[in-house]
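Here the structure comes first, spelled out in C-alpha cells, and everything after it is commentary.
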Amino acid sequence: MRLPPVLLAAALLMASPAAAAPSAAELQGALAGSWKGALGYRDYQDNKLYELPVQTQVTAIGDGVSVLRVSTFDDGPSVGAVRITTASLFDPKAGTVTSATLRKGRPVEVSTETVNLSAYRDAAHWTLVYERNGPDGDGEARIRITETRDGDSLMSVKEVRPLNPTDAPWAFRDQTRLTRESGQGDRQ
C-alpha cells in the first residue's frame, strides 16, 4: 500500500525529532571574529546615555565551552585605551557560565551566572539572559544581562534591581552595541 504524499510527509515530520537549539556556549562560540560598536552608560547627573567607541574580538577556544572576549575602548585623554579581557567557561548541564574579567589597575572579577536561552529563531537570531546576585553601588542587587543577536548585530543590556524590596523595578546600567566587521565569522 502506498501512502498519499501528504500523509507520508506528515508521518516523516512526526517521526523526526525537532532540531534542538544550540547551547549558550555554542551560540557564543559562533560570535568568533571582530566586532565594533559602542559602550553605552547612563550618566547619573543628567540621566543621559553616553557612548564610547569599542572594538571587541571574540575567540572560541575550541573545546565547545570556552570563549574569550577582548574589548578595547578609549576612556579619554587621562586614561587612554582600556582593555577588558573576559574568559568564560560554560557549563551546559548546570545552565551556568563562570567568567574571569581582567582590567589593568583593577582586581580580577570572577562571577558565575545562570544563562538561559529566552528566544531562538536560528544561529544568528537569538536572545540569552544572564542573571546573578552581586554588588551594585552600596548594596547587593540582582544583575541581569540580556544579550540579543540579530544577524550581524549584537546588543547586550545590563539592568539591576536591589534585593530588597523584592518587587523593586529593574534599572538600566549600561549596554554594549556591536556590529560584526565585514568578512568575519558566520553571515546569516
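A short reminder: the numbers here are calculations on the coordinates, not readings from a lab. Computed from a predicted model, the values in this text were never measured in an experiment. Because the Cβ atoms are built from the backbone with ideal geometry, glycine has one as well, and the counts that use them run over all protein chains shown.
Fully extended, how many nm does the chain gain between ASP46 and THR96 (0.36 nm per residue separation, minus their Cα-Cα distance)?
Numbers: separation 50, 0.36 × 50 = 18.00 nm, distance 3.60 nm.
Here the segment from ASP46 to THR96 would lengthen by 14.4 nm.
For region 20-180, with the dipole built from +1 on Lys and Arg beta-carbon atoms and -1 on Asp and Glu ones, taken about the Cα centre, which of VAL97, GLY33, SER66 lies farthest toward the positive end?
Result: GLY33.
Across the Cα atoms of the chain, what radius of gyration and what greatest pairwise Cα-Cα distance (Dmax) are found, in Å?
20.0, 81
Based on DSSP H runs of at least 4 residues, each adding -39500 (n - 2.57), what is the mean residue ellipticity at 222 nm of the chain after dividing by all its residues, to the nearest 500 deg cm²/dmol?
Working: 2 runs with 17 residues, N = 188.
The per-residue figure over the chain is -2500 deg cm²/dmol.
Quick one: angle between helix 5-15 and the longest Cα principal axis of the chain, in degrees between 0 and 90, rounded to 10, please.
Helix 5-15 sits at roughly 50 degrees to that axis.
Enumerate the amide H contacts of ASP136 below 5 Å, restricted to partners 5 or more residues apart or on another chain; note that Pro and chain-start residues carry no placed amide H.
ALA141
With an 8 Å Cα cut-off and a minimum separation of 6 or more residues, compute the relative contact order for the chain in percent.
On the way: 394 pairs, mean separation 32.9, N = 188.
RCO, the chain: 17 percent.
What list of ³J(HN,Hα) values in whole Hz, one per residue of region 36-41 in order, does the Karplus curve 6.51 cos²θ - 1.76 cosθ + 1.60 (θ = phi - 60°) give from phi, with Gly and Pro shown as x?
9, x, 8, 8, x, 9
How long is the gain from THR148 to ARG83 if the chain were fully straight, where each residue apart is worth 0.36 nm and the alpha carbon distance is subtracted?
21.1 nm is the gain from fully extending THR148 to ARG83.
Which ordering of GLU51, GLU159 is given by a fewest-first count of other beta-carbon atoms within 10 Å? Don't skip to the end; give the middle numbers.
Working: GLU51 14, GLU159 18.
Final ranking by Cβ density, sparse to dense: GLU51, GLU159.
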